[in-house]
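The values are calculated or read from the model by the stated rules, or taken from the named source; none is laboratory data. Worth saying up front: this structure is predicted, and the values here are computed from it rather than measured. Ideal geometry is used to build each Cβ from the backbone, glycine not excepted, and the neighbour counts take in all protein chains shown.
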Amino acid sequence: MTTASEHHLRFELNGTPRELTVRANTRLIDLLRDDLGLTGTKEGCSVGVCGACSVLLDGQLISACLFPAAFADGARVTTIEGLAPDADHLTALQDAFIRHGGFQCGICTPGQIMAAAALLQDNPRPTPDQIKTWMMGNLCRCTGYYKIVESILAAAEASTPVVPRQPVGIR
Amino acid sequence: MRPFQLHQPEGLDEALSLLEQYGTDDAHLIAGGTSLMLLMNLGLIEPSRVISLRRVSALRGVAAKNGGAGLEIGPLTTHRQVELSPAVRAYCGALGETFGHVATVRIRNQGTIGGNLAHADPAQDPPPMLIALGAEVTLTSRKGQRRLPLDQFFVDYLTTVMEPGEILTAIHLPPLPSGTRAAYLKFLPRTHDDYATVSVAATLRVDGDGRCEDARLALAGAAGVPLRARAVEDALRGEALTDKRIADAAALVLDVVDPPDDARGSSAYKRRMARVWTERAVRQLRDQANGARQ
């Protein structure tokens, strides 16, 4: 049985410099979830199709399930935990997903929001068709997608990028 | 995932040395990782060594050649970079569009053109378009280099002519004769991010009288390899491009395609679709050329 090589990793995770050692067969999603406890990023299909493991690497959307953690050396990694500036605020995009019913069960939601964040960074005022084309790599089995498109359109029209976090519950 | 030794060489010489040392074992090269990591996640490949080309910066990027008439693309260039490259768009708009058809933007950010070719999945989008444009590839080993047309690179499903110890180090696109038109038509009956059921890449050049000066056709999803349809090309060259001539030429594709039955259609269905989409691709380019002449 071959042993795994170990790799020293220096990278920026959600704005914080990190330095650690990973094994060659540790994927970025394993590092995030199992080693660092950032369980917002989900593993769905493990073959790059479903989008549940979407994260940003140097601002670019990637699948963390197809990415060896060792390759993150020197990079800037952003996960769903790193979007909001603090516990009292949400990004306008996160807020829009709540207000417009952009999720139901929630398992795909971190991936949806990371993909949508990458879209709005690339194209701040996307059309519904541009949203559908960009988001087709993020599967959702609850919403039927209409509410996701609506959420992203609402976020694009938001007047501020960050909003105070509102209590959420049944009225 | 089974443990493995990961090597991350900083230059091509170091990568070639590692490959020479370990290439005959079960060492695999990795570029973007979208194919190899997928196969490793599924346990279909369990290499003891993986050699990453990601730090070999000389293998990245798109460069104009022949005063902008040709192109050289580094194998580590991502699909997304090819899709958005102004040099690629200036060379041939359909080539950039073809890369925009690969999977989803997330996969295009990761997967590379060289990894795509070396993986040799016959349903992928880039190979037929690159073949129709007359692309060549350079393969480099410690013993030297060889350069061959891309339509001679693929051997069978997931199999190429590459020897252990070789790295695909460049993709070359020749200057296109003026008036050459290109199109990539992808038949997607299921979802937009799917592999093609069949797809057709075509280039066409039409003279002032509406006769075909040259044509190149290649298909994905139609056989164990990305398939060049020379019989169709020969039946078009020198001919007046009437609807009947195009239909008769497109029917010759039936002699060369051998598609597998799978979730994207039965073999019989894909054969018919290969003919239909070949005809559509040629007609589309013929109509564009006629429109430009009028």
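Checking each residue in region B:258-274 for being surrounded by fewer than 20 Cβ atoms within 10 Å (Cβ to Cβ), touching a residue at least 12 places away in the same chain (Cβ under 8 Å) and among the basic types (Lys, Arg) picks out only B:Arg271. Looking only at region A:23-35, residues that are among the β-branched types (Val, Ile, Thr) and in contact (Cβ under 8 Å) with a residue 40 or more places away in the chain come to 1 in all.
Does region B:29-41 contain any residue that is β-branched (Val, Ile, Thr), closer than 19 Å to B:Val137 by Cα and either more than 13 Å from chain A (Cβ to nearest Cβ) or out of contact with any Leu (no Cβ under 7 Å at 6 or more places or on another chain) (or both)? No, there is no match, as no residue in region B:29-41 is β-branched (Val, Ile, Thr), closer than 19 Å to B:Val137 by Cα and either more than 13 Å from chain A (Cβ to nearest Cβ) or out of contact with any Leu (no Cβ under 7 Å at 6 or more places or on another chain) (or both).
State all residues of region A:77-92 that are touching a Gly at 6+ places or on another chain (Cβ under 8 Å) and within 14 Å of chain B (Cβ to nearest Cβ); if no residue qualifies, say none.
Listed by number, the list holds a single entry, A:Thr78.
For region B:68-85, the tally of residues that are surrounded by fewer than 16 Cβ atoms within 10 Å (Cβ to Cβ) and within 14 Å of chain A (Cβ to nearest Cβ) stands at 1.
Examine region A:36-44 for a residue that is of a type in the set (D, E, K, R), touching a Ser or Thr at 6+ places or on another chain (Cβ under 8 Å) and at pLDDT 95 or above, and state whether such a residue exists. For region A:36-44, residues of a type in the set (D, E, K, R), touching a Ser or Thr at 6+ places or on another chain (Cβ under 8 Å) and at pLDDT 95 or above: absent.
Selection of helices (runs of 4 or more DSSP H) fully inside region A:90-171 by the criterion of at least 1 residues being closer than 25 Å to B:Asp194 by Cβ and touching a residue at least 60 places away in the same chain (Cβ under 8 Å) returns A:109-122.
Within this structure, B:Gly208 passes the test of being surrounded by fewer than 24 Cβ atoms within 10 Å (Cβ to Cβ) and either within 19 Å of the chain's Cα centre (by Cα) or closer than 19 Å to B:Gly291 by Cβ (or both). Take region A:1-22 and flag every residue that is touching a residue at least 40 places away in the same chain (Cβ under 8 Å) and over 23 Å from the mean Cα position of the chain (by Cα). A:His7, A:His8 - these are the residues of region A:1-22 that are touching a residue at least 40 places away in the same chain (Cβ under 8 Å) and over 23 Å from the mean Cα position of the chain (by Cα).
Here region A:110-143 is the region considered, the condition is being away from chain B (no Cβ under 11 Å) and of a type in the set (Val, Ile, Thr), and the residue that is nearest to A:Leu32 (Cα to Cα) is A:Ile113. Name the residue that is farthest from B:His172 (Cα to Cα), counting only residues in region B:47-67 that are at the interface with chain A (Cβ under 9 Å from one of its Cβ atoms) and of a type in the set (D, E, K, R). Applying the filter and picking the extreme gives B:Arg49.
Screening B:Pro164 with (1) under 19 Å from B:Leu150 (Cα atoms); (2) outside the structural domain of B:Met129 (by TED's automatic domain parsing) gives one miss only, at (2). Name the residues in region B:94-115 that are assigned to a helix (DSSP H, G or I) and without any contact (Cβ under 8 Å) to a residue 60 or more places away in the chain, would you? Across region B:94-115, the qualifying residues are B:Gly96, B:Phe99, B:Gly100, B:Val105, B:Arg106, B:Arg108, B:Asn109, B:Ile113.
Of all residues in region B:3-27, count the ones that are assigned to a loop (DSSP other than H, G, I, E, B) and at pLDDT below 95.
Residues in region B:3-27 being assigned to a loop (DSSP other than H, G, I, E, B) and at pLDDT below 95: 4 in total.
Among the conditions (1) within 8 Å of chain B (Cβ to nearest Cβ); (2) more than 21 Å from B:Gln110 (Cα to Cα), the only one that A:Leu38 does not satisfy is (1). With respect to (1) in contact (Cβ under 8 Å) with a residue 60 or more places away in the chain; (2) more than 11 Å from every other protein chain (Cβ to nearest Cβ); (3) within 17 Å of B:Asn116 (Cβ to Cβ), the lone exception for B:Leu12 is condition (3). With the condition kept exactly as written, say whether any residue in region A:43-64 is in contact (Cβ under 8 Å) with a residue 40 or more places away in the chain, surrounded by fewer than 19 Cβ atoms within 10 Å (Cβ to Cβ) and more than 14 Å from chain B (Cβ to nearest Cβ). Within region A:43-64, none of the residues are in contact (Cβ under 8 Å) with a residue 40 or more places away in the chain, surrounded by fewer than 19 Cβ atoms within 10 Å (Cβ to Cβ) and more than 14 Å from chain B (Cβ to nearest Cβ).
Against the list (1) among the charged types (D, E, K, R); (2) surrounded by 21 or more Cβ atoms within 10 Å (Cβ to Cβ); (3) within 14 Å of chain B (Cβ to nearest Cβ), the condition A:Asp95 fails is (3).
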